[in-house]
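Reading through the structure tokens given below for one structure.
The values are calculated or read from the model by the stated rules, or taken from the named source; none is laboratory data. This structure is a prediction, so every number in the text was calculated from the model and none was measured. All Cβ positions, glycine included, derive from the backbone under ideal geometry; neighbour counts span all protein chains shown.
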Amino acid sequence: MCPCARSLLATLASLLPVGCTSAHSSVAFPTARDGTAGASHRSGDTAIEGRAYYGVPILQKSLLWDGNGETDDAGLGVHVLQHLADDFAIGMGLNVGNWFIGGADAQSGEIEGLMRLHPFENLPFFFDLSAGYQLATEPVPPGGTDWNFTFAFGPGVEFPVDRGCSLELGALYHHVSNALGRMNDRNPSQNEGRFWIGFVWTL
């Protein structure tokens, strides 16, 4: 090998570690926690979420609650979340829905508190727990009252869309009851599977 070629190879070899170090430092691997891809889950972050849902009744008793309601419902919701720690947030939200009771449908508004946990740092899963109060234009489910308390829990998954924004898919076990007691004919509570899709943005 000629001296010129040997000198050129030596120069390239000496620059290779520098180039690798530089390239490595400029790469930002996407993680949900730091918001480089998708919504951020860091302590102190505030996020807003919008969703659309559809509820399918679970007839009779399920888990710990009786449920005689047989009414499908659908609606939209918006929630504001504040991260108290990495991967843990609490928030408040509002759901507006339509209950398909036959004839003239009923509409409802539901205000709820929400707790969200991302149990795995590097996986896109989360778990929601919520409770709230609902007021409707007609008794829902039929035969009950136009006011009810609500309770829900279930898993979800998110997919990064852009920096600070994620697409979400979720499923909830959602319970509606006015708490008048299981033997009261004015408390035909409803249990349902509530399936939803939404977007969440880090503010």
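If you scan the range 109-134, which residues turn out to be acidic (Asp, Glu) and part of a loop (DSSP other than H, G, I, E, B)?
Within the range 109-134, just Glu121 meets the criteria.
Is one or more of the residues making up the range 153-175 more than 19 Å from Pro119 (Cβ to Cβ), surrounded by 21 or more Cβ atoms within 10 Å (Cβ to Cβ) and small (Gly, Ala, Ser)?
no
Can you name the residue in the range 97-114 that is within 24 Å of the chain's Cα centre (by Cα) and of a type in the set (A, V, I, L, M, F, W, C) and, of all such residues, is nearest to His79 (Cα to Cα)?
Leu114
Show the residue pairs meeting these rules: Cβ distance below 9 Å; 6+ apart or different chains; first residue within the range 178-203 and on the phi > 0 side of the Ramachandran plot and modelled with pLDDT under 90; second residue in a strand (DSSP E or B) and surrounded by 18 or more Cβ atoms within 10 Å (Cβ to Cβ).
Ala179/Asn148
For a quick check of your reading of the model, give me the residue pairs whose first member lies in the range 127-138 and is within 17 Å of Gly97 (Cα to Cα) and touching a residue at least 24 places away in the same chain (Cβ under 8 Å), whose second is hydrophobic (A, V, I, L, M, F, W, C) and surrounded by 15 or more Cβ atoms within 10 Å (Cβ to Cβ), with beta-carbon atoms closer than 6 Å and at least 6 apart or on different chains.
From the range 127-138, the pairs are Ser130/Leu114; Ser130/Ala152; Ala136/Ala106; Thr137/Ala106; Glu138/Ala106.
From the list Ala136, Ala104, which one is farther than 17 Å from Arg51 by Cα and either surrounded by fewer than 16 Cβ atoms within 10 Å (Cβ to Cβ) or charged (D, E, K, R) (or both)?
One residue alone meets the criteria, Ala104.
Looking at (1) within 27 Å of Ser189 (Cα to Cα); (2) in contact (Cβ under 8 Å) with a residue 40 or more places away in the chain; (3) not in a strand (DSSP E or B), find the lone condition where Gly77 falls short.
The number of the failed condition is (3).
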